[in-house]
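The structure under discussion appears below in the form of structure tokens.
The values are calculated or read from the model by the stated rules, or taken from the named source; none is laboratory data. Since the model is a prediction, treat every value here as computed from it, not as a measurement. Note that we place each Cβ from the backbone using ideal geometry, even for glycine, and neighbour counts take in every protein chain shown. Areas reflect the complete protein model, heavy atoms only, side chains present, ligands, DNA and RNA absent. Shrake-Rupley method; radii C 1.70, N 1.55, O 1.52, S 1.80 Å.
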Amino acid sequence: MSIRVAILGYGNLGKGMECAVKQNDDMELVAVFTRRDPATVKTLTDVKVYNVDQLLSMQDKIDVLVLCGGSATDLPKQTAEYAKYFNVVDSFDTHAKIPEHFAQVDAAAKEGGKVAMISVGWDPGMFSLNRLYANAILRDGSDYTFWGKGVSQGHSDAIRRIPGVKDAKQYTIPVESALEAVRNCENPVLTTRQKHTRECFVVAEEGADKAQIEEQIKTMPNYFADYDTTVHFITEEELQRDHAGIPHGGFVLRTGKTGLNGEHNHVIEYSLKLDSNPEFTSCVLTAYARAAYRMNQEGQKGCKTVFDVAPAYLSTLTPEEMRSALL
Ligand SMILES: NC(=O)C1=CN([C@@H]2O[C@H](COP(=O)(O)OP(=O)(O)OC[C@H]3O[C@@H](n4cnc5c(N)ncnc54)[C@H](OP(=O)(O)O)[C@@H]3O)[C@@H](O)[C@H]2O)C=CC1
Ligand SMILES: N[C@@H](C[C@H]1CC(C(=O)O)=NO1)C(=O)O
């Protein structure tokens, strides 16, 4: 029997989820839920769209609810709210607030006897896993993460939540000299500001105070305050013409030494090059939706992160196929 998946929140991630579920023949997309009028939400497939006020009445038709809202203001409320009623997966990526998000979601999921997976995606998510593996293996070393050049959905979402902003895209740009020093095993000590810059393209509402918007972006804690950030105000047409895509990617690196006197250098590198940040992120969310369902079917409950999920839960391979897949 297929795993019945539903989506809450129909933006870039919601559209990505619609595509990702179709690529998994052990799953079916049963519904999309939105806070808006369903009639205004045009989907890519013939999936039925409901207003979120219908969600609880459909609890018995949904095995996993994937939360596709924004981390800045949606997920802090929605994940804990619905973890009481559904197995849920979210992509919460305000790194500094993950511990408090975990605590709230864990209490709700345990109360409902459900599994909740938070901070699933590529960073946090796949990059988190690769940082942990590399750190566990190369004990004498240094960790580095670089993103881009590409469009951060979290940072773009955070800008769009500012009053007076109609639309926005944020590019994360790695400082090439820093990346080169790391690859050369120079083990540089780098501040946040020395690794990336951020460039924002913003469409302001008619009559909005652009100076105030720019100030709110540049001083925004957890998103922009620790970076050199530039803000460009452009028209909706220019945004659609010049910044329609959502490509991204990045690198997780760990450089370290082995041998009694550190004679040998090693570099671990995991990289992603993504045409579509939301479609790739949705593929990760979909694999972890499979894991959440399976773990709950075993009687597990509470909040999990990618660190708590054995790879076998993610895979459609049988145990015999997995053993040969080791080769
Ligand atoms: N961990 C990771 O690696 C990654 C995490 N993310 C996270 O995913 C989050 C969501 O990103 P993204 O999907 O790009 O965000 P969007 O801004 O596209 O969508 C966020 C929410 O806004 C609402 N919305 C979307 N479009 C419209 C519209 N035209 N008018 C009104 N409301 C709209 C939707 O809710 P509703 O339908 O209810 O109105 C939607 O769920 C990001 O904030 C980021 O934190 C993203 C990429 C990677
Ligand atoms: N969570 C990020 C995924 C990566 C990209 C990123 C950044 O550019 O700052 N940080 O983490 C996103 O929303 O796209």
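Please report the carbon-and-sulfur percent of the accessible area for the chain; probe 1.4 Å, protein heavy atoms only, DNA, RNA and ligands left out. Here carbon and sulfur together make up 51 percent of the probe-accessible area.
Roughly how far apart, in whole Å, are the Cα centres of the stretch 245-284 and the stretch 1-41? First find each Cα centre; the distance between them is then 29 Å.
Just need the relative contact order of the chain here, percent rounded to a whole number, with Cα pairs under 8 Å and 6+ apart. Averaging sequence separation for qualifying contacts and normalising by length gives 21 percent for the chain. Loop-located GluC sites (Glu not before Pro) in the stretch 200-245 (DSSP state other than H, G, I, E, B) with a sparse environment of at most 15 neighbouring Cβ atoms within 10 Å: 205, 206. Provide the net charge surrounding residue 239, with neighbours chosen by a C-beta distance below 10 Å and charges set as Lys +1, Arg +1, Asp -1, Glu -1. Combined, the nearby Lys, Arg, Asp and Glu give -2.
Determine the shape class of the chain: with a ≥ b ≥ c the square roots of the Cα gyration tensor eigenvalues, call it rounded for a/c under 1.5, and otherwise prolate if a/b is greater than b/c, oblate otherwise. Cα axes put the chain in the oblate bin. Given the pairs 22/84; 97/195; 97/169; 84/301, which span a C-alpha to C-alpha distance of over 19 angstrom in this model? As for pairs spanning more than 19 Å Cα to Cα, those are 22/84; 97/195; 97/169.
Label zone of residue 312 (point 7 Å out along Cα→Cβ, amide N under 15 Å): in the stretch 88-126 this covers no residue at all.
For the chain, the per residue solvent-accessible surface stands at 48 Å², with DNA, RNA and ligands left out and a 1.4 Å probe. Here's the list of aspartates and glutamates a cross-link from residue 257 could span, going by alpha-carbon distance under 16 Å and ignoring same-chain residues fewer than 8 apart: 140, 143, 186, 269.
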